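Mind looking over this structure? Questions follow.
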Amino acid sequence: MTHGNAASSAICSVQEFLSFQYDYIILGGGTAGLVVAARLSEDPNIRVGVIEAGQDQRQNPMVTCPALCPQMINRPEYDWCHKTVPQRGNQGKIHAQCRGKMLGGSSAINALMYVRGSRQDYDDWSEFGEGWSWAEIEPYFAKHETLGGTELRTQEDWPFMPFQPKSHGNTGPVQTSFNQWRCPLENSWIQGCEEVAGLSSRPESPWGGDHVGFFSSLVSIDRVGVKGTRSSSASAYLTPNIGRQNLKVLTDALVTKVILSGSTATGAQFIHGGEVCEVSTRKEVILACGVFKSPQILELSGIGDPEILQRAGIECVVPLPGVGENLQDHAISGSTYELRNGVTSLDSLLKPDNIMEQQKKYMEDQTGALAAASSCMGFLPYASLVNEKTLAETCDMILSCQEGNASQTTKSQQIIDKLRDPHSGSVQFSIFPATLNLEKAAEDQSLLLDPNVSRDGITIVSMLQYPASRGSVHVTTSNPLADPAIDPAYMTHPADVAVLAAGVKYLERVSQSSHLRDKLERRIRPDPSVDLLDLSQAAEEVEKTCLTEYHPCGTCAMGDVTDHRLRVCGVTGLRVVDASIFPTHISGNIMATVYAVAEKAADLIKEDAV
Ligand SMILES: Cc1cc2nc3c(=O)[nH]c(=O)nc-3n(C[C@H](O)[C@H](O)[C@H](O)COP(=O)(O)OP(=O)(O)OC[C@H]3O[C@@H](n4cnc5c(N)ncnc54)[C@H](O)[C@@H]3O)c2cc1C
């Protein structure tokens, strides 16, 4: 490993960046992009250039202090602040779509929950690309991770924080840990969920391919090195390699297209300081601009559906109709409750005196609420939430609404199989120990935390893991400065409404469980007049209040847009490596899977270079 001159930095001026010849150009220095950059530049003979639209925020406390992440949302210095088109399945609402705009990308703005999908999710992926089964991707989870500080779990919390060391890495760049600070109500919620689901045990190893059940999850927070700080792809993969002479990173540079010579990618065009610049590559261009911008850049480069490109005034160079299709997101819906007198949540911690105490604690020993993230969660099979008749009706809805090509038919069948599977985590649940306003937050996520609470509250949410709805992201103009049209198509499939409603109904029962009922004063949202135990009323609510879990994926899907080695079909020298290559959604939060995809992609690129 070459670290070069310690005084030099990979982050450079545009003049310096343009003065080099690169073997690989990576477009987007986000979660996946920086993994690939770090792995490829391990060979000192390989020169790697990264072009990132955002800035270097690695030392900014907003990024490094875990609890401050909500404050970055909807601020253009951190967030792309995308908007969706009006959502016809959600009363025409325009949803905010936050994406990290800085080195580290969304791993630098996200809510830090460290979760992996189920074994079956990746086995299903292998139907769209050889080499992506659970057995084949599992080593790349361990490769990116170091699980630290497990000895810091208190005796009381220990039973709620199960893990098996064999499922975790201990030398990877991304630091994971359990929360040290937790809201006292979290364990009661876990017990209430278990009581209603009839579960007598917790998952043994939630990161080992089976996470059905309830537990306090890991978070991407360092407890060992720079204690109490966010571990992002920038801190994990760039900071340790910042002195490499063969790695150059340009910030504040907006990629506008991939340069093609015929159907071969030869470089990239970008705008920096108002100037249009071009950079060429000897080997490959790696597109890692994320789920919304990677398909946009392909289309701006003339790769995509000829009709869509023609409408936007872009000449089609490589027809590839799957680009920008297959957008899938996890949708959330849930309820907010006021707590009884004497029962507290994060709401009281946010009061001025308490927050000052927490700030002092964070400064002193990097612990307390500011060094924590929301992490209590669980997964249940849909088949366990509804009776056989409702299950059959939901599966029939998917069968009868089937449209599209053979790949979409396979995807629909996989969803049906998972909904029927009594061991599949097809619905995720979580508790946010604060009063949230889910209804307002859909349109402006900075309004998620309700500031005007007289009593402490909690919000419990249900999350659809295998959406049957399919949305899209497409250019509407050849102007690279304009956002693409983002349509997640929330709740446009009746099966999605049915699954999410069943989750909301289950949580209403949890609120009445013996572990919670004497701690909750009343439900404040949805209005108590709504009977959430009635599936049709719960369905109306989810159609009204759903919003993103921040997990959009699938817009340059493996099998449709890329091959199994993530090479763009019909183009030489161009790969996509980010959340857009997911062919189908996974159960759980997706950052860990993006890291694993990027680690595996780096190996594929190295193998293909030989
Ligand atoms: C608010 C929020 C909360 C989340 N919470 C969690 C969580 O708790 N747990 C979890 O597992 N997942 C979470 N996620 C999801 C997860 O963080 C993302 O899915 C993942 O990080 C995406 O990685 P990526 O590499 O695909 O894209 P990104 O990390 O978004 O990287 C794309 C990069 O490309 C850059 N870029 C884009 N366009 C251009 C351009 N034209 N030119 C140059 N650069 C460009 C961007 O600035 C960015 O740096 C959350 C996401 C968000 C936004």
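The values are calculated or read from the model by the stated rules, or taken from the named source; none is laboratory data. All values reported here derive from a predicted model rather than from experimental measurement. Note that we place each Cβ from the backbone using ideal geometry, even for glycine, and neighbour counts take in every protein chain shown.
Cβ-Cβ distance below 7 Å, separation of 6 or more or different chains: which pairs start in segment 576-591 with a residue that is closer than 25 Å to Leu419 by Cβ and end on one that is acidic (Asp, Glu) and more than 6 Å from the ligand (Cβ to nearest atom)?
Taking only residues 6 or more apart or on different chains, the pairs are Thr584/Asp124; Ile586/Asp121; Ser587/Asp121.
So the check is Cβ under 6 Å with 6+ separation or different chains; which pairs have a first residue in segment 253-264 that's under 10 Å from Leu300 (Cα atoms) and a second one that's in a loop (DSSP other than H, G, I, E, B) and within 16 Å of the ligand (Cβ to nearest atom)?
From segment 253-264, the pairs are Thr256/Pro480; Lys257/Ser301; Val258/Ser301.
Give the residues of segment 551-610 that are in a loop (DSSP other than H, G, I, E, B), charged (D, E, K, R) and away from the ligand (no atom under 16 Å from the Cβ), sorted by residue number.
Asp560, Asp563, Arg565
Which of the strands (runs of 3 or more DSSP E) contained wholly in segment 186-281 include at least 1 residues that are surrounded by 18 or more Cβ atoms within 10 Å (Cβ to Cβ) and of a type in the set (Lys, Arg)?
The strands (runs of 3 or more DSSP E) meeting that bar are 247-250, 253-261.
A follow-up question, please. Kindly evaluate Pro381 against the criterion of being surrounded by fewer than 18 Cβ atoms within 10 Å (Cβ to Cβ), touching a residue at least 60 places away in the same chain (Cβ under 8 Å) and either in contact with a helix residue (DSSP H, G or I) (Cβ under 9 Å, 6 or more places away or on another chain) or under 30 Å from Ala502 (Cβ atoms) (or both).
For Pro381, the condition - surrounded by fewer than 18 Cβ atoms within 10 Å (Cβ to Cβ), touching a residue at least 60 places away in the same chain (Cβ under 8 Å) and either in contact with a helix residue (DSSP H, G or I) (Cβ under 9 Å, 6 or more places away or on another chain) or under 30 Å from Ala502 (Cβ atoms) (or both) - is not met.
Here's something else I'd like to know. Based on what the data block shows, is Ala111 within 12 Å of the ligand (Cβ to nearest atom) and either in contact with a helix residue (DSSP H, G or I) (Cβ under 9 Å, 6 or more places away or on another chain) or at pLDDT below 95 (or both)?
yes
Inspect all residues belonging to segment 536-544 and state whether any of them is in a helix (DSSP H, G or I), under 22 Å from the mean Cα position of the chain (by Cα), under 28 Å from Arg420 (Cβ atoms) and within 16 Å of the ligand (Cβ to nearest atom).
No, the conditions are met nowhere in segment 536-544.
Which count do you get for residues in segment 41-62 that are over 20 Å from the mean Cα position of the chain (by Cα) and part of a loop (DSSP other than H, G, I, E, B)? Give the derivation first.
Of segment 41-62, the ones over 20 Å from the mean Cα position of the chain (by Cα) are 41-51, 55-56, 59-61.
Of the ones still in play, those that are also part of a loop (DSSP other than H, G, I, E, B) are 41-47, 56, 59-60.
Final tally of qualifying residues: 10.
Could you tell me which numbered condition Ala331 fails, if it satisfies all but one of (1) modelled with pLDDT of 95 or more; (2) surrounded by fewer than 24 Cβ atoms within 10 Å (Cβ to Cβ)?
Looking at each condition in turn, Ala331 falls short on (2).
Surrounded by 24 or more Cβ atoms within 10 Å (Cβ to Cβ), more than 8 Å from the ligand (Cβ to nearest atom) and under 18 Å from Ala598 (Cα atoms), is that true of Val63? If you could, list the steps in order and put the result at the bottom.
Values: surrounded by 24 or more Cβ atoms within 10 Å (Cβ to Cβ): yes; more than 8 Å from the ligand (Cβ to nearest atom): yes; under 18 Å from Ala598 (Cα atoms): no.
No: the conditions fail for Val63.
Being more than 8 Å from the ligand (Cβ to nearest atom) and of a type in the set (Gly, Ala, Ser) is the filter; apply it to segment 76-107 and report the residue that is nearest to the chain's Cα centre (by Cα).
The qualifying residue nearest to the chain's Cα centre (by Cα) is Ala96.
Is it true that some residue in segment 391-402 is over 30 Å from Pro206 (Cβ atoms), of a type in the set (Ser, Thr, Tyr), within 16 Å of the ligand (Cβ to nearest atom) and not in a strand (DSSP E or B)?
No, there is no match, as no residue in segment 391-402 is over 30 Å from Pro206 (Cβ atoms), of a type in the set (Ser, Thr, Tyr), within 16 Å of the ligand (Cβ to nearest atom) and not in a strand (DSSP E or B).
Taking Ser13 as the residue in question, decide whether it is over 22 Å from the mean Cα position of the chain (by Cα) and surrounded by fewer than 16 Cβ atoms within 10 Å (Cβ to Cβ).
Details: over 22 Å from the mean Cα position of the chain (by Cα): yes; surrounded by fewer than 16 Cβ atoms within 10 Å (Cβ to Cβ): yes.
Yes: the conditions hold for Ser13.
From the list Ile73, Ile51, Ile46, pick out the single residue that is away from the ligand (no atom under 14 Å from the Cβ), touching a residue at least 12 places away in the same chain (Cβ under 8 Å) and under 27 Å from Pro173 (Cβ atoms).
Answer to the check: Ile46.
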